[in-house]
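Written below as structure tokens is the structure these notes are about.
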Amino acid sequence: MSDGPLVIDRGVRAGTVVVLSILFSALTSTAVFFALRTATGAAVEVPAVTGMTVAQARELLDGKGLLLVLDAEREDAQVGQGSLIAQTPLPGSRVRSGEVHATVSKGWSRATVPETTNLAVDKATRLIGAAKLVVAGQDAEASAEVAAGTVIGTTPPAGAELAQGADVRLRVSSGPAAAEVPKVVGLNVKKAKEALEAAKFKVGATKYSFDEDKWPYTVLKQEPEGGAKVAPGATVDLVVNQGD
């Protein structure tokens with residue numbers, strides 16, 4: 001009777017070893033099966049998932065045995081919030097298994113172009129920077145209303161909504177556009193002065209000379225010459241033929 005428990009106890013331990021051996025063998029076989037399946041499985045083509053929502057992309061990739069991994073988020077003015085911007089591997093790549101890494105759009109933060117007309121360039125630049133936009137350069141533009149060196153406006157114009165960090169160009173006044181000096185040589189001095197004043201020029205010094213081949217009191221010479229391009233309101237000097 002005393003040997004009974006010892007025999008039963010050995011039987012239980014032996015059975016347990018057998019069960020564990022079977023389980024280990026099954027797990028090993030399963031692992032080997034899936035490893036071989038992965039190593040010898042047919043390659044699949046990576047689909048394009050950019051522009052898709054995360055859920056859409058994950059469903060598509062799951063169907064091909066691929067895993068979607070989201071690496072980062074960034075702002076994008078073209079792709080809506082929550083959709084994918086970029087992916088690796090690229091669409092069309094062929095893989096046997098693995099992951100597709102993607103970046104998610106955070107949408108875009110808007111900024112409004114501020115009003116900068118009649119401001120100095122440095123002040124306009126600071127104002128645009130405070131609006132989270134970037135001054136990308138300046139364009140000279142003639143203006144009779146805005147002083148030279150002062151901002152006329154911007155491109156895009158004030159009030160436009162852009163993505164934060166977008167470029168804005170300053171339109172800077174170069175002063176009034178050049179005006180053409182009328183030709184008054186050969187005219188009577190009175191009519192010459194009227195013509196210059198009508199064209200918004202000032203009559204400067206009037207000197208006299210003598211040319212017997214010209215009518216008295218006609219303009220013999222002018223400076224600047226007729227046709228010259230100068231600032232509006234510039235002074236024109238005359239040389240007039242003496243009278244009898």
Average silhouette area of the stretch 110-173, convex hull of alpha-carbon atoms, in square nanometres: 3.5
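Within 10 Å of each residue's Cβ, count the other Cβ atoms and sort Ile85, Ile152 from fewest upward.
Values: Ile85 18, Ile152 21.
Fewest-to-most Cβ neighbours within 10 Å comes out as Ile85, Ile152.
Work out the length of the dipole vector of the stretch 44-105 about its Cα centre, built from +1 on the beta-carbon of each Lys and Arg and -1 on the beta-carbon of each Asp and Glu, and round it to the nearest 20 debye.
240
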Can you compute the charge dipole magnitude of the stretch 147-244 about its Cα centre, using +1 on each Lys and Arg Cβ and -1 on each Asp and Glu Cβ, nothing else charged? Give it in debye, rounded to the nearest 20. 180
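Would you list Lys64, Lys106 from fewest to most Cβ contacts within 10 Å?
On the way: Lys64 13, Lys106 16.
In order of increasing Cβ crowding within 10 Å: Lys64, Lys106.
Kindly put Asp122, Asp211 in sequence by how many other C-beta atoms sit within 10 Å of each C-beta, fewest to most. Can you show the working numbers first?
Working: Asp122 8, Asp211 12.
So the residues, fewest neighbours to most, are Asp122, Asp211.
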Among Lys190/Lys229; Lys64/Lys106; Lys183/Lys221; Lys207/Lys229, which pairs are too far apart, with a Cα-Cα distance over 18 Å? Lys190/Lys229; Lys64/Lys106; Lys207/Lys229
Enumerate the amide H contacts of Ala86 below 5 Å, restricted to partners 5 or more residues apart or on another chain; note that Pro and chain-start residues carry no placed amide H. Thr103
Farthest positive-ward along the stretch 110-173 dipole, Cα basis, beta-carbon charges - from Ala163, Val151, Pro114: Ala163
So, in Å, what gap is there between the alpha-carbon centers of the stretch 215-242 and the stretch 60-120? 68
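Throughout, read-outs are computed from the coordinates displayed, never taken from laboratory work. Predicted, not measured: the structure shown is a model, and the values here were computed from it. Methodologically, a virtual Cβ is constructed for each residue, glycine included, from the backbone with ideal geometry; neighbour enumeration extends over all protein chains shown.
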